[in-house]
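Here the structure comes first, spelled out in structure tokens, and everything after it is commentary.
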Amino acid sequence: MTTQVIDHALEAELAELNAELIRLEELDPVPLCDPAGIDWRGVVDTSNDAFLAVDAAGVLIEWNANAESLFGWSRSEVVGRSLEETILPDGVTEGGVGGLRALAVDPRKGKRLEITTRRRDGSDLPAEVSVATMRHGSSFLFNVFVHDISARRELQSQLAHAQKLESIGQLSAGIAHEINTPTQYVGDNTRFVQEAVGDLMGVLAAFESLAAAVRAGVDTSEALASVEQASEAADLEYLKEELGEAIGQSLEGIERVTTIVRAMKEFSHPGTATKTRIDLAAAIRNTITVATNEWKYVAKIETDFDASLPPTPCLPGDFNQVVLNLIVNSAHAIKQLRGASEEKGVISVTTRRENDYAVLTIADDGCGIPPEIVGKVFDPFFTTKEVGVGTGQGLAIARSVIVDKHGGTIHVDTKVGQGTRFTIRLPLDVE
Amino acid sequence: MAILTENRSALGTALAASAVGKPRRVRRRPTVRARVLWVDDDPNITAALSRRLYRKGIELWPASDGMQGYWFAVTRKPDIIVTDLRMPRWDGRDLLECLLANGMTTGVPVVVVSGYVTPAERSRLEHQGVAAVLDKPVAWPLLCKTFERLLVE
């Protein structure tokens, strides 16, 4: 396959540049570049990323050509204005000097962070910013390179969506099973009750005849014999024993269907763009119910929820997805270690409050994660499952939801052959 | 038979639990025409079906997982075996593998009644020698028709 050249002017320019390079290579020696003569302003202006510099008050003092095209403001429009008035609107910065706090990089995170910035037209632009602090006279200067990650974000969101659809597809099979089982016995019991009531009506009619005979003062022996015969035919002793149980089990079945349908409705709650304060324990219980069929054959779930944990700011749909992914992973880990014929494993789920954080742990006594791969488990597309089983997005999404969307943390502790514990911390945002 | 040896202790457990499988003692019951071993981990399923089948003269022996089901299958010789697919310990697939491979049980028709069977799984099961694959909840007339057919055969 050959490359088609469409732009002849560009082709000519490229040929000229190539010829120039060849001519330079032929010179002996190649002339050294004098660093003193480099146009540093030009370097910054030709950078592939947007560049901006801010003084210690958060006021913009530099703004390159790429920043102009990325954000839509020209250099002359923004220089002298604060970050807050331009690319970092109030909601993002939550105070701080002119919006600078949003750029304060935790050194442990490697001097880069992902934030949502604002364009001139008011639209959001997800960006990775790299900030360097430079002493400038008696003050400081912050040099910021801004890399547009909207394409990456879009891909991540599509993957997250695909993973959600995948897990809902997987869940629907389990939910079908969970609903069809009670439906089966509720139907059978109701039919049984219907037939039994028909028989009982026959017995009742015999009793009515007996009562009529008693009232009329006539001989009751024939009526009494019919009562005994009807009771015998209806197998009254058996019906007395079974009717109550049949009705009790049917009510239990209806309750089971109601619970799982309610849980599914809560679970598939459409994702909201803004956080709402939710009861984590209720949401987790719900997810455990929805996923019943994924764990019940291999594990018991033990929960220990801290009743004093206040409602936690959360994106409910995303949070439920994370809990589901972790519970399904735990069930798989237990199945891998124990197979199908051994005793069940244990998945333990706890919540507690630690200062200004809600802490959630999901632990299992499954196969554990080998040390050589534990560092990769949060990477997108990393999976140890067979091709076709899972997209390798489960934990990557968990990390992205907890860290990027909630400003929390997620940690894993694991030992091969003994189990794995995931610990999630979500900020409570206490005033 | 290798499986029997390997799982002797587990089968012992199943034997100890065999009281679960005893038919209900009733004062008067219709003549028993057939005995069906029904393997399902939900005891409500087997309880409800035993009430209805009892009226049809069919005695139901419940088993709660594949291992217990296999034990009853080889020791009690039911006329028909019905099994769910997803269960703890041995699931339905493990049970089917043993039933269809063991000379003591190969003649007994096996019916799968499950809450979720994909079309691919259905055809695989039928190919494997399962007499019928029914979706849970199974309609009563269909269940009766299937049993009548299998009992005649």
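The values are calculated or read from the model by the stated rules, or taken from the named source; none is laboratory data. All of these numbers come straight from a predicted model, not from anything done at the bench. When we count neighbours, we look across all protein chains shown, and the Cβ atoms used for this are built from the backbone with ideal geometry, even at glycine.
Going residue by residue through region B:119-138, is there one that turns out to be crowded, with 24+ Cβ neighbours inside 10 Å and away from chain A (no Cβ under 14 Å)? Taking every residue of region B:119-138 in turn, none turns out to be crowded, with 24+ Cβ neighbours inside 10 Å and away from chain A (no Cβ under 14 Å). Within region A:222-241, the residues that satisfy the criterion of being free of Cβ contacts under 8 Å to residues at least 24 places away in the same chain and either within 14 Å of another protein chain (Cβ to nearest Cβ) or out of contact with any helix residue (DSSP H, G or I) (no Cβ under 7 Å at 6 or more places or on another chain) (or both) are A:E222, A:A225, A:E228, A:Q229, A:E232, A:E237, A:Y238, A:K240, A:E241. May I ask you to verify whether B:R93 is away from chain A (no Cβ under 14 Å) and either of a type in the set (K, R) or on the phi > 0 side of the Ramachandran plot (or both)? Considered against the rule, which asks whether it is away from chain A (no Cβ under 14 Å) and either of a type in the set (K, R) or on the phi > 0 side of the Ramachandran plot (or both), B:R93 comes out as no. Right, A:E20: among the acidic types (D, E) and more than 25 Å from A:I149 (Cβ to Cβ) or not? For A:E20, the condition - among the acidic types (D, E) and more than 25 Å from A:I149 (Cβ to Cβ) - is met. Based on this model, can you work out whether A:V218 counts as away from chain B (no Cβ under 14 Å) and either out of contact with any strand residue (DSSP E or B) (no Cβ under 6 Å at 6 or more places or on another chain) or of a type outside the set (G, A, S) (or both)? Answer is yes for this residue. With respect to the conditions (1) of a type in the set (V, I, T); (2) at pLDDT 90 or above; (3) farther than 23 Å from A:A173 by Cα, A:T272 lacks only one, and its number is (2). In the set (1) within 14 Å of chain B (Cβ to nearest Cβ); (2) surrounded by 13 or more Cβ atoms within 10 Å (Cβ to Cβ), the condition left unmet by A:G248 is number (2). For A:N180, indicate whether it is part of a helix (DSSP H, G or I), under 30 Å from A:A233 (Cβ atoms), within 14 Å of another protein chain (Cβ to nearest Cβ) and polar (S, T, N, Q). So A:N180 does not fit the description; no.
Evaluating B:V113 against the criteria (1) modelled with pLDDT of 90 or more; (2) more than 11 Å from chain A (Cβ to nearest Cβ) leaves one unmet condition, (2). Checked against the criterion of being modelled with pLDDT of 90 or more, surrounded by 13 or more Cβ atoms within 10 Å (Cβ to Cβ), within 30 Å of B:T46 (Cβ to Cβ) and of a type in the set (A, V, I, L, M), the candidates A:L224, A:L239, A:L171 yield just one match: A:L239.
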